[in-house]
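Following: one structure in structure tokens, then a few remarks.
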Amino acid sequence: MIASFGNASALAAKAATTTIPIVFGVSEDPVRFGLVDSLARPGGNATGFNYLSAELAAKRLELLLELMPGAKNLAVLVDPAVPPTQTTLRDVTAAASTLGLRIKTLDASNSGEINAAFATLARGRPDVLFVGPGFLFIDPRVQLVHLATLHRLPTTYTQRQFPEIGGLMSYGANYVDVYRQIGVYTGRILKGVKPADLPVVQSTKFELVINAETARMLGLNLPPKLLALADEVIE
């Protein structure tokens with residue numbers, strides 16, 4: 001029995017065995033990159049959950065612009081090495097075009113490249129920053145939040161760990177719920193249910209977390225509409 005979280009680990013597990021049951025958590029459509037035959041009928045030895053990190057790009061941008069309705073210049077920081085990046089860039093670029101935003105994309109795959117990206121941002125002075133998905137950005141989240149604060153950039157992130165340490169806002173799946181459901185599926189498989197008989201589940205619980213202290217530091221007013229949507233406002 002293999003339980004995995006993240007696209008790369010799920011693909012590695014799938015490549016390693018066609019017989020050992022796999023329960024995965026992935027950030028985008030597992031059919032598209034060959035983990036399962038379909039969501040309803042996975043087939044094979046793998047099933048699990050899609051927490052839709054990449055597919056939420058347009059919604060995350062929309063929520064950020066509730067705070068910065070006059071924004072014209074958008075910077076997007078992504079890790080080109082992670083699978084969700086292509087989907088994220090496609091969706092955020094389309095949304096930015098619809099909203100009349102000019103967009104600049106910067107790549108970073110390590111701490112040094114994050115520093116270099118922010119040095120570029122300091123010269124270009126975008127109105128808002130969109131940080132893409134990827135585990136690279138979770139480990140150095142203190143660095144990311146510190147640099148966004150230092151440069152006074154209103155920034156949106158994928159997970160609540162960022163606003164919890166001072167980032168402005170995040171919107172994404174409730175990962176506690178995803179982990180719980182992976183555990184439920186793991187238990188069912190250990191009791192004899194075949195992965196092929198368990199449909200892939202897409203996350204339905206998403207959370208908007210806003211750090212009100214950071215908003216005030218940036219001179220931003222929190223609109224009542226956004227406050228009403230927020231699952232948590234950190235003071």
Self-check item: Options Gly34, Gly25, Gly44; residue that is closer than 30 Å to Pro163 by Cβ and either out of contact with any Pro (no Cβ under 6 Å at 6 or more places or on another chain) or among the charged types (D, E, K, R) (or both)
Solution: Gly25
Quiz prompt | Failed item, numbered, when Val82 is tested on (1) crowded, with 18+ Cβ neighbours inside 10 Å; (2) under 30 Å from Pro199 (Cα atoms); (3) over 19 Å from the mean Cα position of the chain (by Cα) | solution = (3)
Exercise. Give the range 177-219 a look and list any residue that's surrounded by fewer than 19 Cβ atoms within 10 Å (Cβ to Cβ), under 20 Å from Pro84 (Cα atoms) and hydrophobic (A, V, I, L, M, F, W, C), or say none.
Key: Val201, Phe206
Quiz item: Restricting attention to the range 1-54, which residues are among the aromatic types (Phe, Trp, Tyr) and over 17 Å from the mean Cα position of the chain (by Cα)?
Solution: Phe33
Exercise. Taking Lys59 as meeting all but one of (1) assigned by TED's automatic domain parsing to the domain that holds Leu222; (2) modelled with pLDDT of 95 or more, write down the number of the exception.
Key: (2)
Quiz item: Does Arg125 satisfy the criteria of being in contact (Cβ under 8 Å) with a residue 12 or more places away in the chain, within 19 Å of Ile234 (Cβ to Cβ) and basic (Lys, Arg)?
Solution: no
Quiz item: Among the listed residues Thr156, Thr214, Thr186, Thr149, which satisfies the condition of being β-branched (Val, Ile, Thr) and part of a strand (DSSP E or B)?
Solution: Thr156
Practice problem: Considering only the range 66-92, state which residues are modelled with pLDDT of 95 or more, not hydrophobic (A, V, I, L, M, F, W, C) and not in a loop (DSSP other than H, G, I, E, B). | Solution: Asn73
Quiz item: Assuming Val31 fulfils every condition listed in (1) of a type in the set (Val, Ile, Thr); (2) under 30 Å from Ile189 (Cβ atoms); (3) surrounded by 21 or more Cβ atoms within 10 Å (Cβ to Cβ) apart from one, which condition is it?
Solution: (3)
Self-check item: Contacts under 7 angstrom Cβ, first residue in the range 176-200 being modelled with pLDDT under 95, partner basic (Lys, Arg), 6 or more apart
Solution: Asp177/Lys205
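The values are calculated or read from the model by the stated rules, or taken from the named source; none is laboratory data. This structure is a prediction, so every number in the text was calculated from the model and none was measured. So basically every Cβ, Gly included, is an ideal-geometry build from the backbone, and we count neighbours across all protein chains shown.
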